[in-house]
1. Over chain C, calculate the relative contact order: mean separation of alpha carbon pairs under 8 Å at least 6 apart, over the residue count, as a percent.
2. Based only on other Cβ atoms within 10 Å, what is the fewest-to-most ordering of A:10, C:70, A:230?
3. On C-alpha positions alone, give me the angle between the axis of helix C:338-353 and the longest principal axis of chain C, in degrees, nearest 10.
4. Can you work out the base-10 log of I(q)/I(0) for chain B at q = 0.09, 0.18, 0.21 1/Å, using the Debye formula on its C-alpha atoms alone?
5. Would you please state which residues of the range B:85-117 a label at residue B:38 would reach in this model, taking the label point 7 Å out along Cα→Cβ and a backbone N cut-off of under 18 Å?
6. I need to check one value: relative contact order of the range B:51-128, counting alpha carbon pairs closer than 8 Å and at least 6 residues apart, in percent.
7. What number does the range C:1-61 give for Rg over Rh if you use C-alpha atoms and the Kirkwood radius?
8. Give me the mean projected area, in nm² to one decimal, of the convex hull enclosing the Cα positions of the range C:212-301.
């Protein structure tokens with residue numbers, strides 16, 4: 001059965017609070033935290049980028065469970081902030097985990113769902129026995145234009161999932177997707193920051209596709225929200241996942257472990273992957289986890305995942321590396337000036 | 001640094017791949033293909049260092065070379081890897097945190113870039129081991 | 001092996017010399033040396049020139065030929081060789097000249113050193129100097145040259161009783177001497193406060209612990225001792241010439257606070273000259289950073305390991321002390337045009353032994369020593385010179 005063999009997360013230690021960003025732009029912090037349900041977001045260190053985050057997440061995954069890296073036959077990594085426009089992050093990750101050279105690889109972009117698209121690809125390669133293991137990573141050092149709404153939530157982080165058939169700690173029973181051509185949020189080549197359609201990103205964007213993929217999965221599997229222990233949704237803020245969970249029939253308790261955006265921000269391609277990782281961090285054998293990502297442009301990938309006994313076995317050491325909760329602890333807070341320096345928002349002498 | 005010079009050392013920079021002499025047990029980083037002690041009797045094999053070590057000495061760089069200006073002040077240290085060899089590296093920590101004898105472990109970071117359009121040099125730095 | 005003597009010396013002023021090009025600097029020093037030796041250029045049989053990095057500072061290689069050409073020697077087709085060992089380039093050039101004469105291969109040989117560092121921006125300059133260290137395993141990861149010596153200082157101060165004030169005293173003393181040296185880059189005296197208030201470069205080293213960026217050139221002329229008096233009434237004999245190497249990277253050294261190459265070269269020099277420390281009247285050591293002088297006087301054996309701080313603070317290395325160190329002002333105050341320093345050190349000792357050192361003269365000076373280091377100690381050259 002195809003499933004998750006091991007997983008790992010990396011969240012940089014730096015944070016900036018919503019109230020600090022609001023201070024600079026003369027906005028009302030309480031309005032923003034009240035409206036978005038986000039209080040602070042993660043910020044990369046000066047020497048971190050999406051690739052270093054992807055590598056650390058992958059290495060964390062491999063520290064929890066022994067896998068011969070030479071058996072990893074595929075590396076697919078999804079991000080909106082690949083360090084190069086041309087030169088794959090997947091190659092750097094593959095090299096850094098010792099999987100090269102006998103592997104296939106490519107970089108994905110599909111806004112915030114590039115990571116779950118990578119999971120689907122790895123599932124296909126594993127299921128068809130084209131590879132033994134496939135590594136899928138969703139990660140970002142998300143950018144938001146100064147003073148734009150996105151600046152309050154655009155965060156940094158990533159989660160890596162090793163997909164295989166041999167004794168997974170969670171079986172992925174089913175996946176399906178709902179994809180349309182919808183211009184809700186985009187970034188043209190050469191542009192520094194993304195743009196978005198404001199309120200258009202809600203109903204025609206996020207809600208249409210998350211509901212579409214979720215209902216498609218219920219239809220295809222015969223399952224409904226009550227069959228699941230937990231649910232993880234893409235989380236650009238805290239309100240959207242709470243609202244869509246309610247609409248679909250999930251309870252607040254079901255989405256609680258996977259709802260990390262209030263303290264982490266929106267890690268874009270890392271968002272639902274990190275939400276899934278946070279849920280796996282506390283899951284028990286038999287728990288059933290529903291996941292639905294969303295990427296602007298637009299599309300959603302839904303998954304029906306069931307945790308196996310292997311999660312508590314000797315072969316998987318969940319505590320070998322810090323989980324999501326532990327990585328959210330002990331943050332280092334930055335003021336806006338240092339945040340801007342970290343995010344490359346200051347115009348330097350070229 | 002040219003692309004070829006950087007690329008040639010990627011196994012060392014990303015993964016701390018060195019060598020060890022199976023005959024006498026001595027480890028080498030950067031890798032040596034010839035054991036200076038055993039000489040022709042030395043059997044050299046690849047060795048991936050665990051990335052754990054101890055701080056031998058350090059400084060806080062305030063005036064850096066151009067590529068590293070944005071990072072100042074940063075910690076530069078000589079670290080003794082547990083297997084024996086020493087190496088020079090940055091440590092990602094507050095300047096007041098670093099101490100001689102501190103235990104550190106390796107992490108993957110961006111070392112430098114070749115300007116705005118050149119390649120990115122990734123490599124290994126260290127952080128304090130909790 | 002023949003005995004070798006120095007028959008003439010010449011040194012430009014050291015400093016930021018905007019009007020002087022690389023070629024101009026060498027020619028000036030060479031001319032001064034020839035005049036000092038009362039020698040005309042046609043008598044020169046060979047030249048050795050120490051230069052660290054003309055390629056990066058002025059985009060020029062092939063320095064041996066360039067120097068011979070601009071010294072007017074090109075049509076005489078004499079051998080002219082560039083010698084490079086980072087900051088020890090000058091010391092090695094001198095040693096090569098001595099070997100050429102001692103072996104009988106050449107008779108009258110120029111040993112020069114020249115560096116033109118200010119034609120590039122400071123950032124490019126400091127990056128070039130990082131080439132004296134291990135580029136792949138030190139420079140690439142963010143080490144600066146001061147940073148490497150700062151790590152020596154951290155190690156030293158962790159293990160031995162050296163205070164920050166004692167370390168600063170090295171620079172204070174060298175500035176005192178430099179103020180009495182007409183060619184020195186810095187002519188002002190400073191205080192410990194000056195050092196301790198200066199900008200932090202790499203902890204614990206501050207700006208005033210560090211030698212500056214300098215343009216300058218120096219030249220000496222060597223000849224067989226038995227011919228020296230054809231040219232000068234004050235020949236200075238080369239009593240010893242020693243050179244040693246060590247690992248290029250600081251992290252590969254046996255002991256971070258000891259430059260084993262200094263120890264080896266120093267011992268070899270004393271052995272060659274059949275002398276001991278009490279015979280030395282003054283020594284020019286390689287104080288690229290204040291900590292380097294602390295290590296040098298211990299490594300050469302003038303005091304015990306761990307005691308150089310107190311030794312300095314007690315004034316033992318001052319002009320009036322037991323063993324005056326860096327009467328020229330050292331690299332700190334006299335300046336450090338990299339390739340020229342080793343030759344300048346020889347010039348200083350020669351002037352001392354000839355009683356021509358003016359306000360910094362050590363009375364009755366008979367025997368002097370020079371100590372020139374490349375990088376963080378990967379190359380060391382030590383010479384002992386004596387009045388005949």
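No value in this document is a laboratory result; all are computed from the given coordinates. This one's a predicted model, so the numbers in the text were calculated from it and none came from an experiment. Note that we place each Cβ from the backbone using ideal geometry, even for glycine, and neighbour counts take in every protein chain shown.
1. 26
2. Values: A:10 29, C:70 16, A:230 25.
Going from sparsest to densest Cβ surroundings: C:70, A:230, A:10.
3. Result, in degrees: 80.
4. -0.30, -1.02, -1.21
5. Those under the cut-off are B:85.
6. Computed over the range B:51-128, the figure is 31 percent.
7. Details: Rg = 13.8 Å, Rh = 13.5 Å.
Result: Rg/Rh = 1.02.
8. Dividing the Cα hull surface by four gives the mean projection, 8.1 nm².
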